[in-house]
Amino acid sequence: MKNRVFGKVDLILIAAVTVCALLFIFMRGSASDGGTAVITVNSSVIEELNLKEIKERTVITPDTDPKVTIVAENGEIYFESSECRDKICVRTGRLSKPGDTAVCLPAKTVVSITGSGPDAITY
Amino acid sequence: MKNRSLLIFISALLCVSAIVFAAVYAACCSEKQSTFWVMDTISTVKVKGPGARAAAEKAEEITRNLDSSLLSRHSESSLTYRINKNAGGKVPAEYAKYIQTMLEVYEKSSGAFDFTLGNVSDLWGIGTDNERVPSDEELKEALSSAGADKIKVGDGEISFPEGVAVDFGASGKGIALDEISNSFKDCKINRAVVSVGGSVMLYGKGDFTVGIKNPGGEGYMAVLNLGSSFVSTSGSYERYFEKDGVRYHHILDPETGRPVSNGLVSVTIISGSGALSDALSTACFVLGTEKGMELCRAFGCEGVFIDGGGTVYVTDGAAGMLEITDSGYHLEGR
């Protein structure tokens, strides 16, 4: 039975519009996704964690030299321990707000929280 | 039939609009983010615009080249390594310009910003495996070879007595940002935020926000609302070691060769030049709040000074830019 309201062409056009709209929403959404902790090692992203969704203590031990241990729990993420000499990464403390960043220079590991924080942090 | 044609027309119009919108978005709002390690620190680049990818690649290339070929004190391929070894030599025009900028800060800060303390900082070894507290005799000897007033630069040549160690540690990140900013003028980009080890460049039209790292804790303690500019911070919390309960940080007093101890824990400078913001943040930290503010005025820069008690002192222009977000800090007199 033929569809009298929508013909094939109409359906194709509607589908195309929907795809374009979804694509646009996806592009916008991925650029401003908030509350996500991003862990990079040597400039490569190795883990992305939505802190709000993490209910249990989550331990991440990336393959680095020196070794670091990163913990996510209760909406926060932090370097729990590091075998680096200065321990600046551990002393940075717990990250919870967009823009918060902790860096372990010897392990080339960065933990930062994305979202609508400041454009940059000066330190 | 009429309804059907109208429906097709509206659908087609929406489709074309969506495609055009997506294409415009891709062209104008395409964004490139990258992270790289250079100058013993982390750099991040966030660029928006049709030329974002090329601009981000250029930023990394410029920073790496600057470090390895010109500014590094430890890399044998670097010009700074060679001139330190040979007590001078021929230098390209841009290198002479960097030195002249640093000399200007040295002179106007009455020597508080001394970029020839390489031998003194080597003694302390902060950030290396050789951290230690040097003896008074060692510091005295190392200081005797320091002093930017011994440097002569001109006609594509630089000269100084043997033993002077030119060190771009307190200005190299800002110099890199200046060079990146110049290179972006040829790129089709709308907006960029580049951080080289916490020294920040804000490029393009519109408003930007920069958080000042909390010197005594986590995250940031205040936000600066800025336009296109450069922002650098010197803090005693960033690189240090502790021995016998005493903290020894990396910002050294050129008079004593020891870590500056004047109550300040952080100084942030906002300037139209990356090199100046970087050098002045160190100079102002060494000078202290009162003289540091005078130096800011002399260079037309703005500054935010934070002491260990959580009191924040600002230059007149910085007052309207700053929003303190951490209740552990308060503006002076409030």
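The values are calculated or read from the model by the stated rules, or taken from the named source; none is laboratory data. Given the structure is predicted, the values throughout are model-derived calculations rather than measurements. Glycine also receives a Cβ, built like all others from the backbone with ideal geometry; neighbour counts cover every protein chain displayed.
Laid out as a table, the results:
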{"quantity": "Meets criteria (out of contact with any Cys (no Cβ under 9 Å at 6 or more places or on another chain) and more than 9 Å from chain A (Cβ to nearest Cβ)) for B:Gly217", "calculated": "no"}
{"quantity": "Residue among B:Arg297, B:Arg247 that alone is touching a Ser or Thr at 6+ places or on another chain (Cβ under 8 Å), under 30 Å from B:Asn182 (Cβ atoms) and among the basic types (Lys, Arg)", "calculated": "B:Arg297"}
{"quantity": "Residue match in the range B:58-65 (condition: modelled with pLDDT under 90 and of a type in the set (Ser, Thr, Tyr))", "calculated": "no"}
{"quantity": "Lone unmet requirement of (1) closer than 28 Å to B:Gly328 by Cβ; (2) surrounded by fewer than 22 Cβ atoms within 10 Å (Cβ to Cβ); (3) not small (Gly, Ala, Ser) for B:Lys205", "calculated": "(1)"}
{"quantity": "Matching helices (runs of 4 or more DSSP H) fully within the range B:54-147 where at least 2 residues are aromatic (Phe, Trp, Tyr) and either out of contact with any Asp or Glu (no Cβ under 7 Å at 6 or more places or on another chain) or within 28 Å of B:Tyr237 (Cα to Cα) (or both)", "calculated": "B:93-108"}
{"quantity": "Answer residue from the range A:68-93, given it is in a loop (DSSP other than H, G, I, E, B) and surrounded by fewer than 20 Cβ atoms within 10 Å (Cβ to Cβ) and is nearest to the chain's Cα centre (by Cα) among those", "calculated": "A:Gly75"}
{"quantity": "Meets criteria (within 14 Å of chain A (Cβ to nearest Cβ) and at pLDDT 95 or above) for B:Val105", "calculated": "no"}
{"quantity": "For B:Asp186: the one exception among (1) without any contact (Cβ under 8 Å) to a residue 60 or more places away in the chain; (2) within 18 Å of the chain's Cα centre (by Cα)", "calculated": "(2)"}
{"quantity": "Meets criteria (more than 7 Å from every other protein chain (Cβ to nearest Cβ), buried (at least 19 other Cβ atoms within 10 Å of the Cβ) and in contact with a strand residue (DSSP E or B) (Cβ under 8 Å, 6 or more places away or on another chain)) for B:Ser234", "calculated": "yes"}
{"quantity": "Tabulated pairs, the range A:80-96, first more than 8 Å from every other protein chain (Cβ to nearest Cβ), second aromatic (Phe, Trp, Tyr), C-beta under 9 angstrom, 6+ apart or interchain", "calculated": "A:Lys87/A:Phe79; A:Cys89/A:Tyr78; A:Cys89/A:Phe79; A:Val90/A:Tyr78; A:Val90/A:Phe79; A:Arg91/A:Phe79; A:Arg91/B:Tyr237"}
{"quantity": "Any strands (runs of 3 or more DSSP E) falling wholly within the range B:268-334 and containing at least 2 residues that are at pLDDT 95 or above and more than 19 Å from the chain's Cα centre (by Cα)", "calculated": "B:311-314, B:322-324"}
{"quantity": "Within the range B:190-205, considering residues that are assigned to a loop (DSSP other than H, G, I, E, B) and under 17 Å from the mean Cα position of the chain (by Cα), the one nearest to the other protein chains (Cβ to nearest Cβ)", "calculated": "B:Gly198"}
{"quantity": "Residues within the range B:282-295 that are buried (at least 19 other Cβ atoms within 10 Å of the Cβ) and of a type in the set (Gly, Ala, Ser), tallied", "calculated": "2"}
{"quantity": "Options B:Phe184, B:Phe208, B:Phe160: the member that is among the aromatic types (Phe, Trp, Tyr) and within 14 Å of another protein chain (Cβ to nearest Cβ)", "calculated": "B:Phe208"}
{"quantity": "Residue match in the range B:296-311 (condition: of a type in the set (Phe, Trp, Tyr) and buried (at least 24 other Cβ atoms within 10 Å of the Cβ))", "calculated": "yes"}
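For every residue, the table says whether it meets (1) in a loop (DSSP other than H, G, I, E, B); (2) of a type in the set (A, V, I, L, M); (3) within 24 Å of B:Lys291 (Cα to Cα).
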site: B:Asn225; (1), (2), (3): no, no, no
site: B:Val231; (1), (2), (3): no, yes, yes
site: B:Pro254; (1), (2), (3): yes, no, yes
site: B:Asn262; (1), (2), (3): yes, no, yes
